[in-house]
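Chemist: Sharing a structure here in structure tokens format.
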Amino acid sequence: MNALSFNDHSLALPILQELVDKVSFRIVMSIIDAAKNTTQIALENQLPLSSTYKKIRKLQSMGIVSIEKIDIDDGGKKVLYYRSRIKSLEFNVTRDGVLLQFEKNDRGARDHA
């Protein structure tokens, strides 16, 4: 298993808080198995397009989502396809703090800054 762990609560808690957000959760779940563009994600999850763009930017800045590919549409505009970098997540709370363990979703996702 290709895993990543955070046991520093200052890193783990913001990621956990974002993942339990209803909109963020729906977005991440919709792009675990296949990369999708923002319009596809918004339509599939019945979300406003502007909210979807905003959440994707936040998830991308946190390293939860990355760009898998870039296409050019018929009008010459760039279309970004996003994919979850997380395949699964486990978290434990102990006296020592919060431990998050992620299984990486290595199916072609890469970063484009």
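The values are calculated or read from the model by the stated rules, or taken from the named source; none is laboratory data. The structure presented is a predicted model; accordingly, all values stated were derived computationally and were not measured. Cβ placement follows ideal geometry from the backbone for every residue including glycine, while neighbour counts extend to all protein chains displayed.
Chemist: If I ask for residues that are in contact (Cβ under 8 Å) with a residue 60 or more places away in the chain and of a type in the set (D, E, K, R), which ones from segment 54-106 would you list?
Modeler: 96, 103, 104, 106
Chemist: When you scan segment 9-17, do you find a residue that is touching a helix residue (DSSP H, G or I) at 6+ places or on another chain (Cβ under 6 Å) and without any contact (Cβ under 8 Å) to a residue 60 or more places away in the chain, even just one? Talk me through it step by step, then tell me what you get.
Modeler: Pass one, segment 9-17, residues touching a helix residue (DSSP H, G or I) at 6+ places or on another chain (Cβ under 6 Å): none.
Scanning segment 9-17, I find no residue that is touching a helix residue (DSSP H, G or I) at 6+ places or on another chain (Cβ under 6 Å) and without any contact (Cβ under 8 Å) to a residue 60 or more places away in the chain, so the answer is no.
Chemist: Answer with yes or no whether residue 21 is at pLDDT below 85 and either touching a Gly at 6+ places or on another chain (Cβ under 6 Å) or acidic (Asp, Glu) (or both).
Modeler: no
Chemist: Would it be correct to say that residue 64 is out of contact with any Cys (no Cβ under 8 Å at 6 or more places or on another chain), at pLDDT 95 or above and not charged (D, E, K, R)? Please lay out each step first, then the result.
Modeler: Working: out of contact with any Cys (no Cβ under 8 Å at 6 or more places or on another chain): yes; at pLDDT 95 or above: no; not charged (D, E, K, R): yes.
Criteria not met by residue 64.
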